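Here's the structure, in structure tokens; my notes come after.
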Amino acid sequence: MKTRNYLPLIGLGVLMVALHLLTVWTGTQYYLTQLTMSAYYGLVIIGLGVLMGYAGQISIGHAGFFAIGGYLAAALTTRNLEPFAQNWWVQLLDKAGVIVHGQDIYGLSQMTFTPWLACIVAVTTAGLVALVIGIPVLKLKGHYLAMATLGFGTIVYRIFLAMPYFGESDGITEVPGFDMLPFLTISGDMSHRVLNFYASWTLLIVGMLFLINLIGSRVGRALRSLHSSEEAAEASGINAGRFKLKVFVLSAIYAAVAGVLLTHYNGGIGPSEASMAKSVRYVALVAVGGMLNLWGTLIMGVGLTFLSLRGVFGSFDDAVFGTILILVMLFSPEGILGLKLRPLLRQLIIGGRA
Amino acid sequence: MSPKTSPANETMLELSGVHKRFGGLHAVNDVSFKVPTGSIKALIGPNGAGKTTLFNLIAGNLPVSEGSIHFCGQSIEGQKTYEIARMGMARTFQNIKLFHGMSALECVMVGRHSRSRSGFFAGMLSLPTTWKEEKAIRARSMELLDLLGIADLADTEATSLAFGQQRAVEMARALALEPKLILLDEPAAGLNIYETAEVARLISAIRDMGITVLLVEHDMSLVMDISDEIVVLSFGSKLAEDTPANIQQNEEVIKIYLGEDETV
Ligand SMILES: Nc1ncnc2c1ncn2[C@@H]1O[C@H](COP(=O)(O)OP(=O)(O)OP(=O)(O)O)[C@@H](O)[C@H]1O
Ligand SMILES: [Mg+2]
């Protein structure tokens with residue numbers, strides 16, 4: 001009997017502590033900032049990894065879900081509700097305790113939503129958007145999700161760039177910290193740095209635990225089966241479209257959660273987070289990690305993101321990830337990937353059927 | 001002869017005036033027949049007669065062009081393959097379709113899908129209820145591998161098994177669904193005479209479990225031995241429907257089979 005292997009998760013926990021200690025011993029605690037950010041991006045990447053590796057679908061719009069999470073969290077916790085203070089719904093929400101009263105930088109009184117409410121709204125919105133995209137598209141066999149999410153990503157990017165509410169090209173700044181738990185505030189404040197590092201990595205470990213559980217479960221078995229032969233899977237009573245949809249929504253939620261938390265951590269978000277380059281980067285990181293290997297995806301995802309955040313790739317940053325994607329497809333399109341990317345690419349380029 | 005569970009006069013599957021056209025090709029032409037509950041019915045005919053196409057229509061993989069199919073008294077029109085499967089119809093494939101990267105046991109466990117229920121979130125959280133169910137799925141799948149005589153291969157990667165063993169895994173996966181009706185597409189193709197005899201014994205055993213069998217097979221001695229009734233298809237049309245003894249005497253059937261032999 002095969003028992004589920006949780007050892008690598010424990011290993012990841014050990015790595016977390018080791019990384020912290022290493023920065024302490026070498027006096028490089030400033031690395032913790034990028035390590036924290038890498039963990040949040042890692043969450044996006046493992047979520048996308050399950051979608052690509054196990055549901056056999058590609059999303060080229062995951063930066064869009066990340067951005068929906070981040071932007072809504074930012075806007076709802078910074079945009080002043082004072083002008084609407086007399087509206088019944090604001091008063092109702094105020095009574096429910098989900099509105100914060102404070103002062104803006106000019107000392108004027110300000111009302112905003114609590115980060116918790118913003119977080120719930122942001123993540124739910126991302127999940128619902130994924131549902132709306134996924135329901136019609138995932139009924140079709142083939143790689144139509146790639147095209148739909150490509151369109152979605154572009155639209156989201158344009159919306160955030162165009163709307164004054166979302167700060168146009170400046171994005172949103174001055175996003176407050178998120179008092180998530182009594183002892184934990186998600187914020188970039190120096191005094192919270194170590195705790196935030198542990199929080200982000202713990203979240204990554206828990207996110208990974210959920211995915212490993214899922215893959216090893218009845219539903220995971222169904223996913224793996226339809227990846228290999230959809231016909232035989234459906235003949236066994238498996239509703240392929242429904243499982244693909246659920247995985248897609250789950251991966252969108254992972255991306256949105258990462259978006260919310262990273263935005264509070266950074267104290268802001270800009271339109272580049274919603275860009276196509278970011279979406280392509282996520283796909284590249286999953287591809288290079290090997291799609292059927294969630295651990296490879298996680299290691300590559302967190303590792304390369306860390307290097308990128310440290311500025312190792314300089315101004316070629318986006319180009320590096322594009323190149324990685326091309327190289328992976330050229331040299332091991334099926335070997336590492338377990339997913340036929342070439343027909344998809346052909347489909348995207350010439351519009352033919354895969 | 002009489003099955004244990006249901007009276008023999010009930011109809012498990014009924015095709016009435018079924019047509020299937022692929023563009024200009026009339027692959028299935030006005031085919032009607034019934035499969036009585038608890039029986040073994042065979043579907044024979046030369047290559048390209050439309051047997052597999054008929055299976056694909058019955059299992060909901062293809063929509064019919066005309067006519068109707070009733071399973072357990074219910075029309076399957078508009079039903080998805082997985083819905084029909086859940087109603088209690090299982091099948092094996094002529095060109096074996098096992099799952100890559102899965103052990104033989106796991107393949108059979110997939111077959112238990114519609115007889116188990118642990119959902120997405122229960123799976124993610126690995127709730128204790130899922131452990132219990134998983135154990136039951138595993139135990140039942142193991143029993144089926146044992147029934148098919150390949151329990152010792154449970155942990156071997158399914159697609160790396162020998163041909164006959166792969167067919168056995170497919171059969172176990174289909175049985176795992178606890179079907180009322182099982183569609184077997186050439187279960188003895190590529191098997192030697194000993195394995196074929198084993199398959200014949202197995203199909204009879206399946207029927208004795210109360211499962212109705214619809215069988216496509218080229219091996220005539222197998223078909224004649226175990227079937228209650230035979231439908232002969234030729235170029236998409238039904239040529240004859242009778243008992244094995246009568247089919248063997250049927251002039252037209254002899255002609256198409258002899259005719260086929262001559263051209264070979
Ligand atoms: N999806 C399809 N599209 C077009 N033509 C098809 C399709 N499926 C089957 N056909 C054609 O329908 C005819 C019947 O094929 P089918 O596979 O049903 O025959 P069969 O009786 O199962 O033959 P065999 O004994 O070789 O398995 C053939 O001419 C085949 O080429
Ligand atoms: Mg056939």
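Rolling a 1.4 Å probe over the protein heavy atoms gives the protein assembly as shown an accessible area of 43 Å² per residue. From the P(r) of segment A:102-173, can you give the percent of Cα pairs sitting at distances over 21 Å? Distances greater than 21 Å cover 48 percent of the Cα pairs.
May I ask for log10 I(q)/I(0) of the protein assembly as shown at q = 0.08 Å⁻¹, from a Debye sum over the Cα atoms as equal point scatterers with solvent left out? Evaluating at q = 0.08 Å⁻¹ gives log10 I(q)/I(0) of -0.68. Taking Cα atoms only, the orientation of helix A:193-216 departs from the longest principal axis of chain A by about 30 degrees. Of the chymotrypsin sites (Phe, Trp or Tyr not before Pro) found in segment A:11-101, those in coil by DSSP whose Cβ has at most 13 other Cβ atoms within 10 Å are A:Tyr30. Normalised by the number of residues in chain B, the mean separation of alpha-carbon contacts (under 8 Å, six or more apart) gives a relative contact order of 26 percent. A simple spin-label model places the labels of A:Asn5 and B:Glu157 1.5 nm from each other, with each point 7 Å out along Cα-to-Cβ.
Take the cross-link list A:Lys246/B:Lys132; B:Lys20/B:Lys97; B:Lys41/B:Lys97; A:Lys141/B:Lys97; B:Lys80/B:Lys132; A:Lys278/B:Lys97 and give me the ones stretching past 27 Å between alpha-carbons. From A:Lys246/B:Lys132; B:Lys20/B:Lys97; B:Lys41/B:Lys97; A:Lys141/B:Lys97; B:Lys80/B:Lys132; A:Lys278/B:Lys97, over 27 Å: B:Lys80/B:Lys132; A:Lys278/B:Lys97. Distance between the 7 Å Cα→Cβ label points at B:Glu66 and B:Ser16: 1.6 nm. Here the calculated FRET efficiency for B:Tyr194 and B:Ala245, from their Cβ-Cβ distance with R0 = 22 Å, stands at 0.25, rounded to the nearest 0.05.
Burial of accessible area (probe 1.4 Å, heavy atoms of protein chains only) in segment A:200-224, relative to its chain alone, reaches at least 30 Å² for A:Phe210, A:Asn213, A:Leu214, A:Arg218, A:Val219, A:Arg221, A:Arg224.
Using a 1.4 Å probe over the heavy atoms of the protein chains, calculate the carbon and sulfur portion of the accessible area of segment B:157-264 as a whole percent.
So the carbon and sulfur contribution to the accessible surface is 53 percent.
Farthest toward the positive end of the dipole of segment B:97-178, out of B:Phe163, B:Gly119, B:Met142, is the Cα of B:Gly119, where the dipole comes from beta carbon charges about the Cα centre. Note on B:Ser32 and B:Trp131: the model spin-label points, each 7 Å out from Cα along the C-beta direction, lie 5.8 nm apart.
Using the Cβ-Cβ distance between A:Thr26 and A:Leu327 with R0 = 35 Å, the FRET efficiency computed as 1/(1 + (r/R0)^6) comes to roughly 0.60. Relative contact order of segment B:192-255: 21 percent, from C-alpha pairs under 8 Å at least 6 residues apart in sequence.
To the nearest 10, the accessible area of A:Leu209 is 50 Å² with a 1.4 Å probe. Extension gain for the segment A:Trp116 to A:Arg158, taken as residue separation times 0.36 nm less the Cα-Cα distance, is 12.5 nm to one decimal.
What range in chain B is the longest one free of GluC sites (Glu not before Pro) that are in a loop by DSSP and have at most 16 other Cβ atoms within 10 angstrom? Free of exposed loop sites, the longest segment is B:78-264.
Scaling the Cα radius of gyration of chain B by the globular reference 2.2 N^0.38 Å produces a ratio of 1.03. Per-residue ellipticity at 222 nm, computed for chain B from helices alone with -39500 (n - 2.57) per DSSP H run of at least four residues, works out to -11500 deg cm²/dmol.
Can you pull the percent of Cα pairs in chain A with separation above 40 Å?
Details: 8837 of 62481 pairs.
That tail contains 14 percent of the Cα-Cα pairs.
Per-residue ellipticity at 222 nm computed for chain A from its helices equals -22000 deg cm²/dmol, with DSSP H segments shorter than 4 residues left out and the rest contributing -39,500 (n - 2.57).
Of the residues A:Asp189, A:Asp317, A:Asp179, ranked by 1.4 Å probe accessible area with the largest first, the sequence reads A:Asp179, A:Asp189, A:Asp317. Given R0 = 35 Å, the distance between the Cβ atoms of A:Tyr165 and A:Val194 translates into a calculated FRET efficiency of 0.50. Please find, in a Gaussian network model of chain A (springs between Cα atoms separated by less than 10 Å), the residue of A:Leu15, A:Leu108, A:Leu294 whose mean-square fluctuation is greatest. Of A:Leu15, A:Leu108, A:Leu294, the most mobile in the Gaussian network model is A:Leu108. Using the alpha carbons alone, the radius of gyration of segment B:86-205 stands to its Kirkwood radius in an Rg to Rh ratio of 0.99.
The values are calculated or read from the model by the stated rules, or taken from the named source; none is laboratory data. Note that the structure is predicted; figures quoted are calculated from it, not measured. Don't worry about glycine lacking a Cβ; one is built from the backbone with ideal geometry, like all the others, and counts go over all protein chains shown. Remember, those area values only see protein heavy atoms, side chains included, never the ligands or the DNA or RNA. Shrake-Rupley method; radii C 1.70, N 1.55, O 1.52, S 1.80 Å.
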